[in-house]
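The values are calculated or read from the model by the stated rules, or taken from the named source; none is laboratory data. Every value quoted in this text rests on a predicted model; they were computed, and no experiment measured them. Virtual Cβ from ideal backbone geometry, glycine too; neighbours counted across all protein chains shown.
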Amino acid sequence: MSDSFRGAVDASDSQLSAESAAFRRALDVVRAVEPRVADAIGAELADQRESLKLIASENYASPAVLLAMGNWFSDKYAEGTVGRRFYAGCRNVDTVESVAAEHARELFGAAHAYVQPHSGIDANLVAFWAVLADRVEGPTLRRLSARHVNDLTEADWAVLRRELGDQRMLGMSLDAGGHLTHGFRPNISGKMFDQRSYGTDPATGLLDYAAVREAAREFRPLILVAGYSAYPRLVNFRIMREIADEVGATFLVDMAHFAGLVAGKVLTGDFDPVPHAHIVTTTTHKSLRGPRGGMVLCQPELAEQVDRGCPMVLGGPLPHVMAAKAVALAEARRPEFGDYARRVVDNAVALADGLLRRGATLVTGGTDNHLVLLDVAGYGLTGRQAESALLDAGIVTNRNAVPRDPNGAWYTSGIRVGTPALTTRGLGVAEMDEVAELMHTVLSQTTAGVGPDGSASKARYVLEEKVADEVSRRASELLSGHPLYPSVDLG
Ligand SMILES: *Cc1c(COP(=O)(O)O)cnc(C)c1O
């Protein structure tokens, strides 16, 4: 790898695409300090080019987005908000933060956008504290939310814990496709809130609005959360807002997974969260195809509290990532992004159809969005076995619980697949049938293995090497017609 990179140093930039020249030169600079890192960066591109990536939460950001992140904006501290910083010399950070927020507001039709969160989890924490500060009458909380967390004394915390004590959150259950940050134990949200979940109808697998309404009436949450990581259908946010209003809850939508479908105007009307929710959180790196990061959109009443995200919850903003968010959001405002978002859904529907035709079982029987959840019990496998066997054949997916999963959250009975990444590479509906064929071939030819003591194993599996190699070869062939980062040639 390093030899071929060295060859690149000699190539004349004028013969290269702008992207090739930029990345080659950048890697040369890195290589001069730590060659192993430059080589790993090059190897990562090669790995990504070769793998059939069906991870529903991943995508490929454009060269412009990637390049906007790799610079001296990373050197700048800019705690505070645009025009009100705790540090001097922030005028250029102000520019990129304002541009990113402007694009976000225009793109999503939101009254306010806060583009500082470093990730989706951070965006949710910012939103939760904003709602608490807005809604909880505790005078201490109000006073403290304007201060830095590090400045709180033990006595402050004791009062705060009493005031927060019984605040409630109602969100989608984990096994129905909800997210850890929606009040579940392994996440701080599960400690901040008294949580209850709503699930899906056991017969159809669809979100049961009557059950959500009943749970909300009984539980009377401060925050009603909608949004998911593994639910393959649409959510009617108008109905969810009506439920929130009926019980006086703040309605929060976490659109981390499907923000790209909202941006691309595939999800509109009742299915667009922005006009219905009081507050919307998202990641920027999933279907939205931006840099790794988060964002909060909200109604004007919550804007002031949301802007306190730093320093209440977040450290200094990442100006280089905000610059990349601005570039990605500008890209998402182009008409081509709408085409992309539509193709993501068309591809997911085609993939689901291809799997169903070959006899696979899908949770809810199909998809309306960018993801498909297979129940692999019909193949006699756990999610863990299926995930490993697919990976052996060059197909990257992740295991995921299915509703009321008998194998729990670790082994699971499901495989979650999504189309945002392959759609970015240019694969279309015809190729999705071949992807379904490759997946089905692997799953139907894999058998569950036995443990060292001869008992059935939930992790071991048997897949003949020649089957894995053959599928792998066909996957590479499929991808070779759709090169990843075609403008980037590292030599
Ligand atoms: C991915 C995801 C998150 C977390 O995003 P990170 O950037 O990994 O912190 C939060 N909520 C939902 C619904 C997600 O799918």
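Can you tell me which residue in the stretch 113-126 is surrounded by the fewest Cβ atoms within 10 Å (Cβ to Cβ), limited to those that are assigned to a helix (DSSP H, G or I) and within 11 Å of the ligand (Cβ to nearest atom)? Give the derivation first.
Keep residues of the stretch 113-126 that are assigned to a helix (DSSP H, G or I), which gives 120-126.
Filter again for within 11 Å of the ligand (Cβ to nearest atom), leaving 120-125.
On the way: Gly120: 28, Ile121: 20, Asp122: 23, Ala123: 32, Asn124: 30, Leu125: 24.
Once the filter is applied, the top-ranked residue is Ile121.
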Quiz prompt | Single condition Asp134 does not satisfy, out of (1) modelled with pLDDT of 85 or more; (2) farther than 28 Å from Gly290 by Cβ; (3) away from the ligand (no atom under 16 Å from the Cβ) | solution = (2)
Exercise. Scan the stretch 14-69 for residues that are in contact (Cβ under 8 Å) with a residue 60 or more places away in the chain, closer than 30 Å to Leu371 by Cα and small (Gly, Ala, Ser) and jot them down.
Key: Gly42, Ser51, Ala56, Ser57, Ala61, Ser62, Ala64, Ala68
Quiz item: Is there a residue in the stretch 206-227 that is touching a residue at least 60 places away in the same chain (Cβ under 8 Å), closer than 30 Å to Val417 by Cβ, of a type in the set (Gly, Ala, Ser) and assigned to a loop (DSSP other than H, G, I, E, B)?
Solution: no
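Answer yes or no as to whether Gly414 is touching a strand residue (DSSP E or B) at 6+ places or on another chain (Cβ under 6 Å), assigned by TED's automatic domain parsing to the domain that holds Leu351 and within 18 Å of Ser57 (Cα to Cα). Even if it seems obvious, please write down each step before you answer.
Numbers: touching a strand residue (DSSP E or B) at 6+ places or on another chain (Cβ under 6 Å): yes; assigned by TED's automatic domain parsing to the domain that holds Leu351: yes; within 18 Å of Ser57 (Cα to Cα): yes.
In short, yes.
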Exercise. Pull up the stretch 261-274, narrow it to residues that are in contact with a Phe, Trp or Tyr (Cβ under 8 Å, 6 or more places away or on another chain) and within 15 Å of the ligand (Cβ to nearest atom), then point me to the one that is farthest from Ile55 (Cα to Cα).
Key: Pro273
Quiz item: Does any residue in the stretch 249-260 that is more than 8 Å from the ligand (Cβ to nearest atom) come within less than 9 Å, Cβ to Cβ, of a residue that is part of a strand (DSSP E or B) and among the charged types (D, E, K, R) six or more places away or on a different chain, and which pairs are these?
Solution: Ala249/Arg168
Quiz prompt | The one condition in (1) closer than 22 Å to Val274 by Cβ; (2) buried (at least 21 other Cβ atoms within 10 Å of the Cβ) that Asn236 fails to fulfil | solution = (2)
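With the structure loaded, tell me whether Glu163 is more than 16 Å from the ligand (Cβ to nearest atom) and modelled with pLDDT under 85 or whether it fails that test. Give the steps one after another, and end with the answer.
Working: more than 16 Å from the ligand (Cβ to nearest atom): yes; modelled with pLDDT under 85: yes.
Yes; evaluated as a whole, the condition is true for this residue.
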Self-check item: From Asp254, Asp272, residue being farther than 17 Å from Thr81 by Cβ, surrounded by 24 or more Cβ atoms within 10 Å (Cβ to Cβ), of a type in the set (D, E, K, R) and touching a helix residue (DSSP H, G or I) at 6+ places or on another chain (Cβ under 9 Å)
Solution: Asp254
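Yes or no, residue by residue, for (1) crowded, with 16+ Cβ neighbours inside 10 Å; (2) more than 16 Å from the ligand (Cβ to nearest atom); (3) outside the structural domain of Val126 (by TED's automatic domain parsing):
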site	(1), (2), (3)
Gln167	yes, yes, no
Gly183	yes, no, no
Ala211	no, yes, no
Tyr228	yes, no, no
Asp245	no, yes, no
Quiz prompt | Residues satisfying the stated conditions in the stretch 31-53, i.e. assigned to a loop (DSSP other than H, G, I, E, B) and either loosely packed, with under 15 Cβ neighbours inside 10 Å or within 16 Å of the ligand (Cβ to nearest atom) (or both) | solution = Glu34
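Among the candidates Gly315, Gly293, single out the residue that is out of contact with any Gly (no Cβ under 8 Å at 6 or more places or on another chain) and within 11 Å of the ligand (Cβ to nearest atom).
Values: Gly315 fails: within 11 Å of the ligand (Cβ to nearest atom).
Just one listed residue meets the conditions, Gly293.
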Self-check item: Test: Val266 is closer than 21 Å to Val344 by Cα, surrounded by fewer than 24 Cβ atoms within 10 Å (Cβ to Cβ) and either among the aliphatic types (A, V, I, L, M) or at pLDDT 95 or above (or both)
Solution: no
Self-check item: Subset of the stretch 361-420 (residues that are crowded, with 21+ Cβ neighbours inside 10 Å and part of a helix (DSSP H, G or I))
Solution: Val363, Val376, Tyr379, Gly383, Arg384, Gln385, Ala386, Glu387, Ala389, Leu390, Pro420
